[in-house]
Amino acid sequence: MKSGYYPRDLNMHPPAYTPGYRTSILRSPQKAPIGFDGSPTEFTGPTFGHSLIGELDNNLILNFAQAGESAIGERIMVHGYVLDEEARPIRNTLVEFWQANAGGRYRHKKDTYLAPLDPNFGGCGRTMTDESGYFHFFTIRPAAYPWPNGKNDWRPAHIHFSVFGTAFAQRLITQMYFEGDPNIALCPIVKTIPDADAIDRLIARLDMHNSRPHDMRAYRFDIVLRGKRSTVFENRKEGN
Amino acid sequence: MPYAPKLKESASQTAGPYVHIGCMPNTTGIHTIFDTDLGSTMFTGEAKGERINIEAVIFDGSGTPVKDAMVEIWQADANGVFASPEDGREADPHFTGFGRQHADHDTGVFRFETIKPGAVSVDGKTYAPHVLMWIAARGINLALATRVYFDDEAEANEADPFLSRIELKSRVPTLIAKRDGNTYRHEIHLQGPDETVFFDL
C-alpha cells in the first residue's frame, strides 16, 4: 500500500489557540503537532453503506415531526458536492449535519436559550454522496442565537457538518453559514479562521436556479477535503 | 513544473457543545431519527482477537475533565488489517475498526469496547499495535488526532516508526495506555507538562 495526501495547509484552518473564542484558551494544545509522513492508519478510514441511510434521514423538516406535521421555519434545500483538492468527487461518503431550530435553539437539555423548542424538529440528519460526490438535504433555516463568550456574542445562522472522506486523513468537521448574514463578520468562532477566502468558502450561496417555486429555496454548499496524490497502487495497477 | 492543487480544503470549525445531537442523537435522547448511533459498536459478529476496553479521560489546561467531547477511534483488526478498501487486504468481516463515543457527562470518562489490534506490517515497515484517536469538542478548532499504544507491547513500541519520530523522548509515555485487567486506561492532556502528543494527520 502506497498512498499519500497533500500536507494539510494549516493556514486555511483556525489555529488551536484563539483567545477571542474563549473556550479555546484552556483546550488548545500549546506544543506543535508532530508531522508524520503517514501510515496505513491515516490512509484508510471507515466506509458506510447506503443501507445505513433511512428514507427521511436527509429531511430534517419531517424526520422528527409527528404524522401530518412539519418543522416550523423557512424551508430550504442545502446541496453541493464533496470534492478533494484535485476537484475529484468523493463518492459514497457519509455526510452528517446538525443545527438549531428556526428560533435558534438546539434540542439539548443544556441549551437554555429563551427561544421555544419546536416539537416537530429534532435537528440532525445524514446522507451519502452519490457517484458524482453530490449530496442534498431538506431542512429549515436555523436562526442566529446568543452564546456565552463575550457579553453580546451571537452565532450567525449555521449548520454543522461532519464528513468522513475515504481516509482518516480527510476527516473534517466544519460549519456552513448563509450568504448575506451580517453576524458572520462579527462571530468569534468564524474569526478563528485567519484567511478571508477560507471563511468565504464556508458561506453557502442562495441558489434560485434550484429553488422550488412555492416550496423552498436552495443553498449551494461545496465541501473540499484533502487531496490525495495520484499514485499507482502496487496491488491495483489501474491507479486510484 | 510548479503545480498547486485546484481547490483548497474547507476550513475546520469547532464541533461545538451539541455535537452529540448530530453525531450520536440517541445519547442525547433523540431516539426516533436513527435506530442506533454510528460507531456505537465495533462488532458485527464474533471478531478474532482479544477483547479489550479502552477507557480514557481528556483534561483541559486547568486539569478539569472535558465532559462534552466526542471521540472516535480507528484501528486495525487482530491481523493488522484495516476494514477499508484503501488497505487492499481482507479485514476481519466481523470487526469494523471504527468506534465513536462521547465523554460521560458527569465524569468525562469515555470507553470503547474493542479488540487488541495487531501490528500493522506494510511495505517493509512494521507499526506497533495502536489505535488512532480523534477528538472533537467545543473549544477545539481543528479536531485533534493522537494515538494510543499499549504498555504491554514495550518491544514493538521501541521499534515503532511513529514513536521513534518523536524527538523529545519524555513525551512518548503520553501515548501509552496502561493495562489493568482487560482494560487499558489512558489520559489525554490538552495542555501542561503532560501535554499529549498530537499529530498532523
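Some values worked out for this structure:
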item	result
Considering residues of region B:62-78 that are among the charged types (D, E, K, R) and open to solvent by 10 Å² or more (accessible area, probe 1.4 Å) only, the residue farthest from B:Asp106 (Cα to Cα)	B:Asp68
Any pair with Cβ under 9 angstrom, 6 or more apart, that starts in region B:62-87 at a residue that is among the aromatic types (Phe, Trp, Tyr) and ends at one that is open to solvent by 10 Å² or more (accessible area, probe 1.4 Å) and in a strand (DSSP E or B)	none
Some residue of region B:136-144 being outside any loop (DSSP other than H, G, I, E, B), open to solvent by 10 Å² or more (accessible area, probe 1.4 Å), among the aliphatic types (A, V, I, L, M) and in contact (Cβ under 8 Å) with a residue 40 or more places away in the chain	yes
Complete set of residues in region B:172-201 that are among the charged types (D, E, K, R) and either open to solvent by less than 30 Å² (accessible area, probe 1.4 Å) or under 18 Å from the mean Cα position of the chain (by Cα) (or both)	B:Lys178, B:Arg179, B:Arg185, B:Glu187, B:Glu195, B:Asp200
Scan of region A:52-71 for residues that are open to solvent by 30 Å² or more (accessible area, probe 1.4 Å) and more than 22 Å from the chain's Cα centre (by Cα), ordered by number	A:Gln66, A:Ala67, A:Gly68, A:Glu69, A:Ser70
One residue from A:Asn120, A:Asn101 being within 12 Å of chain B (Cβ to nearest Cβ), assigned to a loop (DSSP other than H, G, I, E, B) and touching a Pro at 6+ places or on another chain (Cβ under 7 Å)	A:Asn101
Residues that are open to solvent by 10 Å² or more (accessible area, probe 1.4 Å), assigned to a helix (DSSP H, G or I) and within 7 Å of chain A (Cβ to nearest Cβ), drawn from region B:1-32	B:Thr28
Positions within region B:35-56 being touching a His at 6+ places or on another chain (Cβ under 8 Å) and of a type outside the set (Ser, Thr, Tyr), in sequence order	B:Phe43, B:Gly45, B:Glu46, B:Ala47, B:Lys48, B:Ile54, B:Glu55, B:Ala56
Residue list for region A:146-198, filter: facing chain B (nearest Cβ under 7 Å) and small (Gly, Ala, Ser)	A:Ser162, A:Ala167, A:Ala169, A:Ala198
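The values are calculated or read from the model by the stated rules, or taken from the named source; none is laboratory data. The structure presented is a predicted model; accordingly, all values stated were derived computationally and were not measured. Counting neighbours? That spans all protein chains shown, and the Cβs are built from the backbone with ideal geometry, glycine included. The protein model used for the area step is the full one, side chains on, heavy atoms only, and it has no ligands, DNA or RNA in it. Shrake-Rupley method; radii C 1.70, N 1.55, O 1.52, S 1.80 Å.
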